[in-house]
Amino acid sequence: MPYSGLITLEQFIVDQQSLYKDAGGSLSKIFRSLELAAKMVNRDVRKAGLVDILGNQGSTNVQGEEQKKLDVIANDIFIQALSRSGEVSVVLSEENDDAYFVPGAENEKYVVAIDPLDGSSNIDVNASIGTIFSIYRRPNPQRDASTEDCLQKGKHQVAAGYFIYGSSTMLVYTTGVGVNGFTLDDNIQEFCLSHPNIEIPEDGKIYSVNEGNLASFPEPYQQYLAYCKEKDKATFRPYSARYIGSLIADFHRNLLKGGVFLYPPTQSAPKGKLRLMYECNPMAFLVEQAGGAAHTGEERILQVAPSELHQRVPVIMGSKNMVQKVLEFVEQSSLTTANL
Ligand code: AHM
Ligand code: MG
């Protein structure tokens, strides 16, 4: 049915309720909590240059990276909002070493993983940042929540998405029935449907990678990047290089315009840099739902069995045919190695 007029997120969720696997409204409550938290973080992001919340917090997170003040603020806001939803037993956060078991909510139905402020090194330079979320149903809510509930494969996500605090603020999410985008109307403080049924183009002309690391990428990736720069009219090469260094911003652009995002293994990060639970799984769910693909080079990201909360995996994701092309380089090289 074509959409006409203004459709708020709340209205959209009500209309879509029958498509959700849980018709009891639990997921809607979680969305309301996420929406509220995002509006609060958005407010803080918008005034970041005016008050003293820029700069490093002075503490480091579990990956040994410096936290920004806004990281800490966003982490607290999202955890509090999700804890109050009454539906979430466990919150996993990229900023916390361990899972947070919500007191008194041991038998609720959901686990939510968040990257509260992804791309936070971009705060100081006023580039787009965002919040990523990923929602799982607990296999057995009768039993008290445990770490076992947290280490589920990405293919079990019931919903995932991100808020991007960019030139405008948007929410892009999926519940497994396509991908929809909402833009925050600042005046009425409502997310309104602006990008219904997003589909990523099958082909693209953009590649996004931190090419400064080229020398330490495995050879097939180096070969693919050389291929991107070759001149060939028929395949629209050379491609354009676009890399912000803020996953949500790079992903969002490629989702709308077509492209491929790569974070290959490097010598200093042999499994890549990005985290499976907080970054790769939600983005993989979204991109697959939009008709694209997401792979580690060895398997579909959504098939990876997590062994720890802060696990990292290499990433190749975006337009289907572009991902396929990267995999041809990667697979060709493993065949060559296997034949040696
Ligand atoms: P963060 O979650 O600590 O902000 O780090 C993740 C970010 C991603 O947003 C981005 O894709 C990547 O780090 C960029 O890494 P690099 O600077 O190595 O290219
Ligand atoms: Mg991140």
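Mind telling me which of the residues Asp98, Asp76, Asp118 ends up being touching a Leu at 6+ places or on another chain (Cβ under 8 Å) and surrounded by fewer than 21 Cβ atoms within 10 Å (Cβ to Cβ)?
Every option except Asp98 fails the conditions.
Please determine, by comparing only the residues of the stretch 274-306 that are away from ligand 2 (no atom under 16 Å from the Cβ) and either modelled with pLDDT under 95 or charged (D, E, K, R) (or both), which one is surrounded by the most Cβ atoms within 10 Å (Cβ to Cβ).
Glu288
Restricting the stretch 30-48 to residues that are charged (D, E, K, R) and modelled with pLDDT of 95 or more, which is least open to solvent (accessible area, probe 1.4 Å)? Spell out how you get there, then give the answer.
Residues of the stretch 30-48 that are charged (D, E, K, R), as a first pass: 32, 35, 39, 43-44, 46-47.
In the following step, the residues that additionally are modelled with pLDDT of 95 or more were identified as 32, 35, 39.
Numbers: Arg32: 117, Glu35: 17, Lys39: 45 Å².
Taking the candidates together, the pick is Glu35.
Write out, first by first residue and then by second, each pair whose Cβ atoms fall under 6 Å of each other, whose residues are 6+ apart or on separate chains, and whose first residue, in the stretch 96-107, is on the phi < 0 side of the Ramachandran plot and hydrophobic (A, V, I, L, M, F, W, C) while the second is open to solvent by less than 90 Å² (accessible area, probe 1.4 Å) and assigned to a loop (DSSP other than H, G, I, E, B).
Ala99/Cys150; Phe101/Ala145
Go through (1) more than 21 Å from the chain's Cα centre (by Cα); (2) modelled with pLDDT of 95 or more one by one and return the number of the condition Ser168 breaks.
Every listed condition holds for Ser168 apart from (1).
Taking the condition of being in a helix (DSSP H, G or I) and more than 20 Å from Met40 (Cα to Cα), how many residues in the stretch 122-144 meet it? Full working, then the answer.
Residues of the stretch 122-144 in a helix (DSSP H, G or I): 122-125.
Then keep just the ones that are more than 20 Å from Met40 (Cα to Cα); that gives 125.
Within the stretch 122-144, residues that are in a helix (DSSP H, G or I) and more than 20 Å from Met40 (Cα to Cα) number 1.
Taking the stated definitions as given, is Glu94 at pLDDT below 95 and of a type in the set (D, E, K, R)?
Answer is no for this residue.
Inspect the stretch 230-243 for any residue being among the aliphatic types (A, V, I, L, M), within 16 Å of ligand 2 (Cβ to nearest atom) and under 21 Å from the mean Cα position of the chain (by Cα) and give the result as yes or no.
no
Which residue pairs have Cβ atoms under 7 Å apart, sit 6 or more places apart or on different chains, and have a first residue in the stretch 239-253 that is among the aromatic types (Phe, Trp, Tyr) and a second that is within 11 Å of ligand 2 (Cβ to nearest atom) and outside any strand (DSSP E or B)?
Hits for this filter: Phe251/Met283.
For Lys271, are the conditions met, namely being over 17 Å from Glu211 (Cβ atoms), surrounded by fewer than 22 Cβ atoms within 10 Å (Cβ to Cβ) and in contact with a Gly (Cβ under 8 Å, 6 or more places away or on another chain)? Walk me through it before giving the result.
Details: over 17 Å from Glu211 (Cβ atoms): yes; surrounded by fewer than 22 Cβ atoms within 10 Å (Cβ to Cβ): yes; in contact with a Gly (Cβ under 8 Å, 6 or more places away or on another chain): no.
No.
Looking at Leu247, Leu184, Leu255, Leu225, can you tell me which residue is closer than 30 Å to Arg32 by Cβ, away from ligand 1 (no atom under 13 Å from the Cβ), outside the structural domain of Leu117 (by TED's automatic domain parsing) and surrounded by 18 or more Cβ atoms within 10 Å (Cβ to Cβ)?
Working: Leu247 fails: away from ligand 1 (no atom under 13 Å from the Cβ); Leu184 fails: outside the structural domain of Leu117 (by TED's automatic domain parsing); Leu225 fails: closer than 30 Å to Arg32 by Cβ.
Leu255 is the lone residue from the list that is closer than 30 Å to Arg32 by Cβ, away from ligand 1 (no atom under 13 Å from the Cβ), outside the structural domain of Leu117 (by TED's automatic domain parsing) and surrounded by 18 or more Cβ atoms within 10 Å (Cβ to Cβ).
With respect to Gly104, determine if the residue is away from ligand 2 (no atom under 16 Å from the Cβ) and either outside any helix (DSSP H, G or I) or in contact with a His (Cβ under 8 Å, 6 or more places away or on another chain) (or both).
Here the answer is yes, as Gly104 does meet what is asked.
The values are calculated or read from the model by the stated rules, or taken from the named source; none is laboratory data. Keep in mind that this is a model prediction, so the values were computed, not measured. Cβ atoms come from the backbone with ideal geometry, glycine included; neighbour counts cover every protein chain shown. For the accessible areas, the whole protein counts, side chains as well, though only heavy atoms, and no ligand, DNA or RNA atoms are used. Shrake-Rupley method; radii C 1.70, N 1.55, O 1.52, S 1.80 Å.
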